[in-house]
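The values are calculated or read from the model by the stated rules, or taken from the named source; none is laboratory data. The model shown is predicted, which means the values in this text are computed figures rather than measured ones. Heads up, the Cβs are rebuilt from the backbone with ideal geometry, glycines too, and the neighbour counts pull from every protein chain shown. SASA here: full protein model, heavy atoms, side chains in, ligands and nucleic acids out. Shrake-Rupley method; radii C 1.70, N 1.55, O 1.52, S 1.80 Å.
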Amino acid sequence: MLLNLLEYHWAEHIDDALLLLSRTDTKTVPLAGGTYLLGLRDESIQAVVDLRDLGLAYISEDEQGIHIGAMTTLQSMVDAPLLKELATGLLSRAALASSFSRLIRNSATLGGTLGAGVPSQADLLTALTVMEAEVVLRSGSKTQVDLAGGTADRPGLALSGVTYKGKQERRVPYSSLGIDRRFSELIIEVIVPRPSPACGASFMRIGRTPTDIALLNAAALVEVKDGLYQRVRVALGGVNMEPVRLQAVEKQLEGQAVGAQFIAPARNVGAGTHKGHPYMGAQLQSALQAGMADFRPPSDFRASSGYRRVSGMNLAYRVLEEAINVSRWRGMVSSEGGGRAEM
Ligand SMILES: Cc1cc2nc3c(=O)[nH]c(=O)nc-3n(C[C@H](O)[C@H](O)[C@H](O)COP(=O)(O)OP(=O)(O)OC[C@H]3O[C@@H](n4cnc5c(N)ncnc54)[C@H](O)[C@@H]3O)c2cc1C
């Protein structure tokens, strides 16, 4: 409950909302679906700005990628044909898993999920991490900008000490949103670059029951071309845990041949017996063991750090394996009729 709420604003234009959010005398926050905000015990919030009439509920595509407006509900993301076919439906499936209650998904929005961050417990955050999504932020505050070096459009135009007033828009990688976003900035949309059609993706989760929040979740996006790992993205997340990209694992695999034998086979049972490439299993195990040596997930009452470390390695293995197989299968299908098959 927001016990000290004094003002409710139903904004009709983004500029009005930005003006209200930039006030320093009244603590004002955006209100999206309200499923998280209205349950908060925050006595400092004095005003909310309802965003529902700002035209921010859309999913579209242009040359930059897929644009998903901040007020798009999780259910619209589940249902959108564009997201169902993007990266084997990774975002659509993760939006569905984020809340198994349709009632919540009909209200909860993408912007609200990002605004809440880790406390939203949303599986979507891990999927956005591997998709390398960017978030468009806008603020209306008066900002001091040093234009001594000119602007991006006019590099030669030196305007030292000029005070820039008016709205500002910038794009930040989703992975740094938590540290980059300023309090008065409004999330406008998320831009997801369209991955190559040859990419395979996978999303998996572990929960106490199939509909419970995920103790651990994993997402992978892999492109295999001419038998080489062109692009590997893998991330782990879960309850009360910031999604973590396993960049050391990605680096170990990128540029390597699928199933390259020079990586020492791991000791685990099952390694080296993958039916497509005899050494792919061993290669993945080896990359994960080396690349996840520094993986230190947090503990909480639901899942200890040790549990997450062990399960995380297995889950990462499984999403990578599935994403690799999908990518190789896609390569095989697209090369039918004269090209060379991947498998
Ligand atoms: C009964 C119940 C069960 C829930 N179960 C789950 C669950 O299983 N999984 C899950 O992921 N979540 C769950 N939630 C939490 C909630 O549904 C999510 O966090 C949700 O995604 C929040 O979205 P919203 O649109 O309702 O955001 P709101 O509650 O309106 O806002 C959330 C936060 O984001 C800020 N915000 C909203 N929009 C913007 C914007 N455009 N720019 C900047 N800041 C913004 C708000 O100021 C607020 O701080 C549950 C909530 C309830 C009430």
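A few comments on the model shown:
- Looking only at region 89-100, residues that are surrounded by 20 or more Cβ atoms within 10 Å (Cβ to Cβ), over 13 Å from the mean Cα position of the chain (by Cα) and in contact (Cβ under 8 Å) with a residue 60 or more places away in the chain come to 1 in all.
- All of (1) at pLDDT 90 or above; (2) aliphatic (A, V, I, L, M); (3) farther than 30 Å from Asp212 by Cβ; (4) surrounded by fewer than 16 Cβ atoms within 10 Å (Cβ to Cβ) hold for Ala293 with one exception: (3).
- Any hit, region 139-147, residues being modelled with pLDDT under 95 and within 11 Å of the ligand (Cβ to nearest atom): yes
- Residue satisfying all of: in region 58-94; within 12 Å of the ligand (Cβ to nearest atom) and in contact with a Phe, Trp or Tyr (Cβ under 6 Å, 6 or more places away or on another chain); nearest to Ala201 (Cα to Cα) among these: Ala94
- Positions within region 293-333 being over 16 Å from Gln283 (Cα atoms) and among the β-branched types (Val, Ile, Thr), in sequence order: Val310, Val326, Val333
- Residues satisfying the stated conditions in region 101-112, i.e. open to solvent by less than 10 Å² (accessible area, probe 1.4 Å) and assigned to a helix (DSSP H, G or I): Leu110
- Selection of first residues in region 58-79 that are small (Gly, Ala, Ser) and of second residues that are surrounded by 23 or more Cβ atoms within 10 Å (Cβ to Cβ) and part of a strand (DSSP E or B), restricted to Cβ pairs under 7 Å at least 6 apart or on distinct chains, gives the following pairs, ordered by first then second residue: Gly65/Val192; Gly69/Glu189; Ala70/Thr109; Ala70/Ile187; Ala70/Glu189.
- The residues of region 58-74 that are farther than 20 Å from Ala97 by Cα and in contact with a strand residue (DSSP E or B) (Cβ under 8 Å, 6 or more places away or on another chain), listed by number, are Tyr58, Ser60, Glu61, Gln64, Gly65, Ile66, His67.
- If only residues of region 37-55 that are near the ligand (Cβ under 7 Å from one of its atoms) and free of Cβ contacts under 8 Å to residues at least 60 places away in the same chain are counted, the one that is surrounded by the fewest Cβ atoms within 10 Å (Cβ to Cβ) is Gly39.
- In region 25-36, the residues that are open to solvent by 50 Å² or more (accessible area, probe 1.4 Å) and more than 6 Å from the ligand (Cβ to nearest atom) reach residues that are in a loop (DSSP other than H, G, I, E, B) and among the hydrophobic types (A, V, I, L, M, F, W, C) with C-beta atoms within less than 6 angstrom, at least six apart or across chains, in these pairs: Lys27/Ile45.
- Region 6-16, residues that are surrounded by 15 or more Cβ atoms within 10 Å (Cβ to Cβ), out of contact with any Lys or Arg (no Cβ under 8 Å at 6 or more places or on another chain) and not in a strand (DSSP E or B): Ala11, Asp16
- Selection within region 196-205 - more than 15 Å from the ligand (Cβ to nearest atom) and either without any contact (Cβ under 8 Å) to a residue 12 or more places away in the chain or assigned to a strand (DSSP E or B) (or both): Cys199, Gly200, Ala201, Ser202, Met204
- Among residues of region 1-22 that are touching a residue at least 24 places away in the same chain (Cβ under 8 Å), those with a Cβ under 7 angstrom from a residue that is open to solvent by 100 Å² or more (accessible area, probe 1.4 Å) and among the acidic types (Asp, Glu), sequence gap 6+ or separate chain, pair up as Leu3/Glu43; Asn4/Glu43.
- So Ala97, is it within 9 Å of the ligand (Cβ to nearest atom) and not in a helix (DSSP H, G or I): no
- Condition met for Ala122 (assigned to a loop (DSSP other than H, G, I, E, B), under 24 Å from Met204 (Cβ atoms), within 11 Å of the ligand (Cβ to nearest atom) and not aromatic (Phe, Trp, Tyr)): yes
- Candidates are the residues of region 179-195 that are within 14 Å of the ligand (Cβ to nearest atom) and open to solvent by 20 Å² or more (accessible area, probe 1.4 Å); the one that is farthest from His13 (Cα to Cα) is Asp180.
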